[in-house]
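Since every read-out is calculated from the coordinates, none of them should be taken as a lab result. Because the structure is a prediction, the values reported are computed rather than measured. Cβ coordinates were reconstructed from backbone atoms using ideal geometry, including for glycine residues, and neighbour counts include every protein chain displayed.
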Amino acid sequence: MPFAHVTGWGMYVPEPVLTNDDISKLVDTNDQWIRDRTGIRERRIARENEFPSTLGVEAAVKALQVANLAPTELDLIICTSSSPEYIFPATACIIQDQIGATKAGAFDLQAACTGFIFAVNMAAQAIRSGSIKNALVVGTEVLSRFVNWKDRGTCILFGDGAGAFVLQASDIPGGIMSAVMHSDGSGADTLTLPGGGSHFPASELTIHEGKHFVHMDGKEVFRFATRVMGRAVLEALEQVKMTTDDIHCIIPHQANYRIIETAAKYLKMPLEKFVINVDRYGNTSTASIPIATVEAIQNGRLKSGDKVVFVGFGGGLTWGAMVVEWTGPIPAKKQIHPEQYRLFARLRSFVRRAIRYIEGFFSRRSL
Ligand code: ACO
């Protein structure tokens, strides 16, 4: 059975920065309160012409560059987002088209902020089954468009950004070692974006009632997160007969500094073992774990051969964790330039649309 290794990683965040002071001009809050309760100082906000696919493509191409893998070699793309571009088509398909992943099947996976862990696990399972060799997992968010900028309980928390991993099959042991996935739908109403689905289709009333914004019982989410995070880490470690002493670092979902602090206490681990960047990006939901991973690698905190635990929680309710032996790119003789495929992808997409139009024109005439 092949092993599933993480061989590439990439992140992208929009340039515009929104500080706590900026938010204090929108709602009754202040920098001190936000920092004390959440650890957040600032977050990035997508420009008008940026979408989950735009951010996701940037992160994906960087991940392919690190892996030195052509997008045409990808068999599978899973995109996970709490702020997808549309209900359908899947954001994954838009990314597939734009990076030129001509043979990849692409779909979205929805598990709120735990999405990245669930998606990496699904991609790893597909690789381990032998049915595919190369997968791309993208977590991408433009949550700023679903936040009620008049609600101080939520608008202080979220930020925009994207992160991506490339996973590849190899006979060398390592990579994704274990994973746990959990859900509790009885807490579905704790964290929700109720409007726009088939339960509350878009109408004047749903807009009037603010159903198209994120709704959250902050205290309940806090309690839930601190309850499940530590336990999920221990469960994932137990699967591979490891303890917290065996791991180099934990990369948690970046929702709130105090939640991470509580998890560290529960696990009796020094906070220094946790990678934390919530101060600069806020909660980027499905993108937070890969963004923190890329920064951990850049800062020399995560190296080839290290054992790392990823842990996340979010709406659903969902939570999960995984133990990974970090690998890095598979050595290759030839240098690949995945970014060059974007031009080819744009051309291919244009030609396919044109052919579809011409075929449609003639088939309508022959009816
Ligand atoms: N600025 C100033 N005061 C505020 C603000 C604000 N931004 N927000 C709330 N307050 C006030 C409240 O009105 C309340 O005032 P009162 O005592 O006069 O009624 C007081 O501060 C305390 O409010 P709480 O809601 O009890 O504050 P709490 O300590 O619970 O912090 C927070 C709120 C930061 C949202 C916290 O509950 C939290 O972080 N929860 C977890 C959120 C989370 O992680 N969500 C995402 C998880 S999953 C995913 O990523 C999608």
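If you take the Cα centroid of segment 92-106 and the Cα centroid of segment 183-203, the two points sit 29 Å apart.
Selection among ALA188, LEU143, VAL228 by position relative to the dipole of the chain gives LEU143 as farthest towards the positive end (Cβ unit charges, Cα centre). For a modelled paramagnetic label at TYR86, 7 Å from Cα along Cα-to-Cβ, the residues of segment 336-365 in reach, with backbone nitrogen under 17 Å, are 349-350, 352-354, 356-357.
Think of the chain as having a plus end and a minus end, set by charges on the Cβ of Lys, Arg, Asp and Glu; of ASN283, LEU74, THR293, LEU74 sits farthest toward the positive end of this dipole.
In a reduced charge model with +1 at each Lys and Arg Cβ and -1 at each Asp and Glu Cβ, the chain shows a dipole moment near 780 debye about its Cα centre.
Across segment 190-333, Cα-Cα pairs more than 26 Å apart make up 33 percent of the total.
In the structure shown, the pairs LYS25/LYS219; LYS133/LYS333; LYS241/LYS307; LYS273/LYS307; LYS133/LYS241 are assessed against 21 Å; a Cα-Cα span above that value is assigned to LYS25/LYS219; LYS133/LYS241. Taken as Cα centroids, segment 13-44 and segment 301-365 sit 32 Å apart, rounded to the nearest whole angstrom. Tell me what the chain gives for mean residue ellipticity at 222 nm when only DSSP H runs of n ≥ 4 count, each as -39,500 (n - 2.57), the sum divided by the residue total, rounded to 500 deg cm²/dmol. Helices in the chain give a 222 nm mean residue ellipticity of -11000 deg cm²/dmol. In this simple spin-label model, placing a label point 7 Å from the Cα along the Cα-to-Cβ direction at both ASP306 and LYS103 gives a separation of 3.4 nm. Each part gets one Cα centre, and for segment 128-174 versus segment 226-241 those centres are 21 Å apart. Computed over the Cα atoms of the chain, pair by distinct pair, the Kirkwood hydrodynamic radius stands at 21.0 angstrom. Per-residue 3J(HN,Hα) values for segment 256-267, derived from phi via the Karplus relation 6.51 cos²θ - 1.76 cosθ + 1.60 with θ = phi - 60°, read 6, 4, 5, 5, 5, 4, 5, 5, 4, 5, 4, 7 Hz in sequence order (x marks Gly and Pro). Other residues within the sphere of radius under 13 Å centred on the Cβ of VAL137, judged by their own Cβ, net out at -2 (K and R +1, D and E -1). Do any trypsin sites (Lys or Arg not before Pro) in segment 3-77 lie in a loop, going by DSSP, with at most 14 other beta-carbon atoms within 10 Å of their beta carbon, and if so which? Passing sites in segment 3-77 are LYS25, ARG47. For the chain, leaving out every one of the chymotrypsin sites (Phe, Trp or Tyr not before Pro) that falls in a DSSP loop and has at most 15 other Cβ atoms within 10 Å, the longest unbroken run is 150-367.
Annotation note: trypsin sites (Lys or Arg not before Pro) in segment 298-331 located in DSSP loop regions with a Cβ neighbour count of at most 13 within 10 Å are LYS303. In order along segment 223-238, the phi-based Karplus estimate (6.51 cos²θ - 1.76 cosθ + 1.60, θ = phi - 60°) of 3J(HN,Hα) comes to 4, 4, 4, 5, 6, 8, 4, x, 4, 5, 4, 5, 4, 5, 5, 4 Hz; Gly and Pro are listed as x.
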